[in-house]
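Here the structure is laid out as C-alpha coordinates; the discussion comes afterwards.
The values are calculated or read from the model by the stated rules, or taken from the named source; none is laboratory data. Nothing here was measured: the structure is a model prediction, and the numbers come from that model. Reconstructed Cβ throughout: ideal geometry from the backbone, glycine too, with neighbour counts over all protein chains shown. Accessible surface areas use protein heavy atoms only, side chains included; no ligands, DNA or RNA. Shrake-Rupley method; radii C 1.70, N 1.55, O 1.52, S 1.80 Å.
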Amino acid sequence: DLLAALVEADSGDEVWIAEGTYYPTTGTDRNISFVLKDGISLYGGFMGTELTKEEREIDSKTGLFVHSTRLSGNIRNIDNLTDNSFTIIYADRILSPTILSGLHIVEGYAGNNSNDLQRNGGAMYIDSCFNLKIEQSIFSQNFCRFRGGAVYIVDSELSFENCHFFADSSRDDGGAIAMAFSNPTFKNCLFKENGARDDGGVFYIED
(Lines give C-alpha, C1' and ligand atoms only; values in the text may rest on other atoms or scores of the structure.)
Protein backbone atom coordinates (compact mmCIF):
# COMPACT_ATOMS: atom_id res chain seq x y z
CA ASP A 1 0.00 0.00 0.00
CA LEU A 2 1.78 3.14 -1.21
CA LEU A 3 -0.30 5.40 1.03
CA ALA A 4 0.72 3.45 4.12
CA ALA A 5 4.35 3.30 3.00
CA LEU A 6 4.52 7.08 2.68
CA VAL A 7 3.11 7.52 6.17
CA GLU A 8 5.61 5.11 7.72
CA ALA A 9 8.71 6.22 5.80
CA ASP A 10 11.33 8.48 7.35
CA SER A 11 13.77 10.89 5.69
CA GLY A 12 16.46 8.96 3.84
CA ASP A 13 14.20 6.00 3.09
CA GLU A 14 13.45 4.66 -0.39
CA VAL A 15 10.02 3.31 -1.30
CA TRP A 16 10.19 0.68 -4.07
CA ILE A 17 6.90 0.28 -5.93
CA ALA A 18 5.99 -2.78 -8.00
CA GLU A 19 4.18 -2.55 -11.32
CA GLY A 20 0.45 -1.90 -11.02
CA THR A 21 -1.93 1.01 -10.53
CA TYR A 22 -2.04 3.06 -7.33
CA TYR A 23 -4.55 5.74 -6.32
CA PRO A 24 -4.07 8.63 -3.87
CA THR A 25 -7.16 7.54 -1.94
CA THR A 26 -9.26 4.42 -1.50
CA GLY A 27 -12.34 6.65 -1.42
CA THR A 28 -13.63 9.35 -3.76
CA ASP A 29 -12.30 12.57 -2.20
CA ARG A 30 -10.75 14.52 -5.07
CA ASN A 31 -8.73 16.70 -2.71
CA ILE A 32 -6.49 13.86 -1.50
CA SER A 33 -3.04 13.53 -3.12
CA PHE A 34 0.07 11.46 -2.62
CA VAL A 35 2.00 13.89 -0.40
CA LEU A 36 5.77 13.72 -0.80
CA LYS A 37 7.84 13.84 2.36
CA ASP A 38 11.21 15.53 2.50
CA GLY A 39 14.05 13.10 1.77
CA ILE A 40 11.86 10.11 0.88
CA SER A 41 12.44 8.84 -2.68
CA LEU A 42 9.94 6.84 -4.72
CA TYR A 43 11.13 4.27 -7.24
CA GLY A 44 8.72 2.51 -9.60
CA GLY A 45 9.28 0.11 -12.48
CA PHE A 46 9.81 -3.05 -10.42
CA MET A 47 8.50 -6.45 -11.39
CA GLY A 48 8.69 -7.35 -7.71
CA THR A 49 11.60 -9.79 -7.52
CA GLU A 50 14.51 -7.36 -7.89
CA LEU A 51 17.09 -6.93 -5.15
CA THR A 52 18.56 -3.66 -6.43
CA LYS A 53 17.20 -0.65 -8.33
CA GLU A 54 19.64 -1.41 -11.14
CA GLU A 55 17.83 -4.69 -11.87
CA ARG A 56 14.75 -2.86 -13.14
CA GLU A 57 14.25 -3.71 -16.81
CA ILE A 58 14.61 -0.78 -19.23
CA ASP A 59 13.15 -0.57 -22.74
CA SER A 60 16.11 0.11 -25.03
CA LYS A 61 14.00 2.23 -27.38
CA THR A 62 12.31 4.56 -24.90
CA GLY A 63 14.79 4.49 -22.03
CA LEU A 64 11.85 3.94 -19.67
CA PHE A 65 11.09 0.98 -17.45
CA VAL A 66 9.26 -2.02 -18.89
CA HIS A 67 7.14 -2.68 -15.81
CA SER A 68 4.69 0.22 -15.43
CA THR A 69 4.01 1.75 -12.02
CA ARG A 70 0.96 3.97 -12.53
CA LEU A 71 -0.16 6.65 -10.11
CA SER A 72 -3.68 7.37 -11.30
CA GLY A 73 -6.18 10.07 -10.43
CA ASN A 74 -9.10 8.08 -11.83
CA ILE A 75 -10.73 7.48 -8.44
CA ARG A 76 -14.42 7.66 -9.37
CA ASN A 77 -16.20 6.84 -12.63
CA ILE A 78 -13.50 5.24 -14.74
CA ASP A 79 -15.07 6.58 -17.96
CA ASN A 80 -15.42 10.16 -16.70
CA LEU A 81 -12.16 12.07 -16.22
CA THR A 82 -13.84 15.22 -14.86
CA ASP A 83 -14.39 13.60 -11.44
CA ASN A 84 -10.76 12.54 -11.01
CA SER A 85 -8.28 13.68 -8.34
CA PHE A 86 -7.44 17.37 -8.60
CA THR A 87 -3.70 16.73 -8.17
CA ILE A 88 -2.12 13.29 -7.94
CA ILE A 89 1.17 14.28 -6.24
CA TYR A 90 1.70 17.28 -3.96
CA ALA A 91 5.24 18.30 -3.06
CA ASP A 92 5.91 21.09 -0.55
CA ARG A 93 9.28 22.17 0.92
CA ILE A 94 11.47 19.35 -0.36
CA LEU A 95 14.90 20.44 0.90
CA SER A 96 16.73 17.11 1.28
CA PRO A 97 17.68 14.97 -1.76
CA THR A 98 14.44 13.39 -3.02
CA ILE A 99 13.99 11.36 -6.21
CA LEU A 100 10.93 10.24 -8.14
CA SER A 101 11.89 7.53 -10.63
CA GLY A 102 10.02 5.17 -12.95
CA LEU A 103 6.49 6.48 -12.38
CA HIS A 104 3.61 6.91 -14.83
CA ILE A 105 1.45 9.73 -13.50
CA VAL A 106 -1.86 9.75 -15.31
CA GLU A 107 -5.36 11.28 -15.42
CA GLY A 108 -5.21 14.04 -12.84
CA TYR A 109 -7.96 16.61 -13.38
CA ALA A 110 -7.43 20.01 -11.74
CA GLY A 111 -10.76 21.30 -12.98
CA ASN A 112 -11.87 23.67 -10.22
CA ASN A 113 -12.32 27.36 -11.05
CA SER A 114 -11.15 29.02 -7.83
CA ASN A 115 -9.01 27.00 -5.41
CA ASP A 116 -5.32 27.20 -6.38
CA LEU A 117 -4.57 23.58 -5.46
CA GLN A 118 -7.59 22.38 -7.40
CA ARG A 119 -7.06 24.23 -10.67
CA ASN A 120 -3.27 24.01 -11.29
CA GLY A 121 -1.08 20.97 -11.95
CA GLY A 122 -3.22 17.94 -12.73
CA ALA A 123 -0.38 15.47 -12.13
CA MET A 124 1.87 17.42 -9.73
CA TYR A 125 1.77 20.63 -7.73
CA ILE A 126 5.28 21.59 -6.61
CA ASP A 127 5.82 24.40 -4.10
CA SER A 128 9.09 25.56 -2.48
CA CYS A 129 11.11 22.49 -3.47
CA PHE A 130 14.87 22.83 -3.94
CA ASN A 131 16.25 19.29 -3.94
CA LEU A 132 13.82 17.27 -6.07
CA LYS A 133 14.74 15.17 -9.11
CA ILE A 134 12.19 13.46 -11.36
CA GLU A 135 13.60 10.88 -13.76
CA GLN A 136 12.46 8.26 -16.29
CA SER A 137 8.81 9.04 -15.64
CA ILE A 138 5.75 9.63 -17.81
CA PHE A 139 3.10 12.32 -17.42
CA SER A 140 0.07 11.63 -19.60
CA GLN A 141 -3.59 12.62 -19.99
CA ASN A 142 -3.53 15.15 -17.18
CA PHE A 143 -5.64 18.34 -17.27
CA CYS A 144 -5.88 21.65 -15.47
CA ARG A 145 -8.40 24.48 -15.51
CA PHE A 146 -5.82 27.26 -15.10
CA ARG A 147 -2.09 26.52 -15.46
CA GLY A 148 0.09 23.45 -15.83
CA GLY A 149 -1.84 20.54 -17.31
CA ALA A 150 0.73 18.08 -16.00
CA VAL A 151 2.90 20.06 -13.57
CA TYR A 152 2.62 23.42 -11.82
CA ILE A 153 5.84 24.72 -10.21
CA VAL A 154 6.09 27.69 -7.87
CA ASP A 155 9.13 29.05 -5.96
CA SER A 156 11.20 25.94 -6.74
CA GLU A 157 14.37 24.58 -8.33
CA LEU A 158 14.26 20.96 -9.51
CA SER A 159 15.24 18.75 -12.41
CA PHE A 160 13.48 16.49 -14.89
CA GLU A 161 15.57 13.90 -16.72
CA ASN A 162 14.46 11.38 -19.36
CA CYS A 163 10.77 12.15 -18.76
CA HIS A 164 7.93 11.96 -21.28
CA PHE A 165 4.97 14.37 -21.35
CA PHE A 166 2.19 13.06 -23.56
CA ALA A 167 -1.33 14.41 -24.21
CA ASP A 168 -1.48 16.73 -21.21
CA SER A 169 -3.65 19.83 -21.55
CA SER A 170 -4.70 23.10 -19.97
CA ARG A 171 -7.95 25.00 -20.25
CA ASP A 172 -5.87 28.19 -20.04
CA ASP A 173 -2.02 28.16 -20.00
CA GLY A 174 0.82 25.65 -20.05
CA GLY A 175 -0.38 22.40 -21.55
CA ALA A 176 2.43 20.40 -19.95
CA ILE A 177 4.31 22.74 -17.57
CA ALA A 178 3.56 26.08 -15.93
CA MET A 179 5.90 27.80 -13.53
CA ALA A 180 6.21 30.92 -11.40
CA PHE A 181 9.41 32.21 -9.75
CA SER A 182 11.07 28.86 -10.48
CA ASN A 183 14.14 27.49 -12.23
CA PRO A 184 13.58 23.86 -13.30
CA THR A 185 15.95 22.06 -15.67
CA PHE A 186 14.98 19.53 -18.32
CA LYS A 187 17.35 16.97 -19.82
CA ASN A 188 16.47 14.45 -22.54
CA CYS A 189 12.72 14.97 -22.06
CA LEU A 190 10.10 14.31 -24.74
CA PHE A 191 6.97 16.44 -25.20
CA LYS A 192 4.25 15.22 -27.54
CA GLU A 193 0.63 16.23 -28.20
CA ASN A 194 0.35 18.62 -25.27
CA GLY A 195 -1.84 21.69 -25.66
CA ALA A 196 -3.36 24.79 -24.08
CA ARG A 197 -6.32 26.88 -25.17
CA ASP A 198 -4.56 30.17 -24.45
CA ASP A 199 -0.77 30.39 -24.04
CA GLY A 200 2.02 27.84 -23.92
CA GLY A 201 1.06 24.54 -25.49
CA VAL A 202 4.03 23.00 -23.68
CA PHE A 203 5.51 25.65 -21.33
CA TYR A 204 4.08 28.73 -19.65
CA ILE A 205 6.22 31.01 -17.49
CA GLU A 206 4.44 33.52 -15.27
CA ASP A 207 5.95 37.00 -15.04
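Determine Rg/Rh for the range 2-67; Rg is computed over alpha-carbon atoms and Rh is the Kirkwood hydrodynamic estimate from the same atoms.
We get a ratio of 1.01 for the range 2-67.
Mind giving me the FRET efficiency for E8 and T49? R0 is 22 Å, r the Cβ-Cβ distance, nearest 0.05 is fine.
Efficiency at R0 = 22 Å is approximately 0.45.
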Could you check the spin-label model distance between S114 and D199? Points 7 Å from the Cα along Cα→Cβ, value in nm. 2.6
Report the residues of the range 58-82 in range of a label on T28: point 7 Å along Cα→C-beta, backbone N strictly under 20 Å from it. 72-82
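Order the peptides 58-66, 146-154, 162-170 from the highest to the lowest mean number of other Cβ atoms within 10 Å of their residues.
Output ranking for 58-66, 146-154, 162-170: 146-154, 162-170, 58-66.
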By the Cα gyration tensor axes a ≥ b ≥ c (a/c under 1.5 gives rounded; else a/b larger than b/c gives prolate, otherwise oblate), the shape of the range 120-168 is oblate
Projected onto their principal axes, the Cα atoms of the range 37-103 stretch, largest extent first, over whole-Å spans of 37, 32, 23
For the chain, the per residue accessible area (1.4 Å probe, Å²) is 45
For the range 162-202, state the average projected area of the convex hull of the C-alpha atoms over all orientations, rounded to one decimal in nm². 2.8
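State the extension gain, in nm to one decimal, for the chain segment bounded by R93 and V35, taking 0.36 nm per residue of separation less the distance between their alpha-carbons.
Stretched fully, the R93-V35 segment lengthens by 19.8 nm.
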Could you size up the charge dipole of the range 1-53 around its Cα centre, putting +1 on the beta carbon of Lys and Arg and -1 on that of Asp and Glu, and report it in debye to the nearest 20? 180
What number, in nm² with one decimal, is the all-direction average of the projected area of the convex hull of the alpha-carbon atoms of the chain? 10.7
Of G111, S96, G48, whose Cα points farthest to the positive end of the dipole of the chain (charges on the beta-carbon: +1 Lys, Arg; -1 Asp, Glu; origin at the Cα centre)? G111
In whole percent, how big is the carbon plus sulfur part of the accessible area of the chain, probe 1.4 Å, protein atoms only? 47
Where only C-alpha atoms are counted, convex hull volume of the range 90-187 per residue in Å³: 75
Total lysine pairs under 24 Å (Cα atoms) in the chain, excluding pairs fewer than 8 apart on one chain: 10
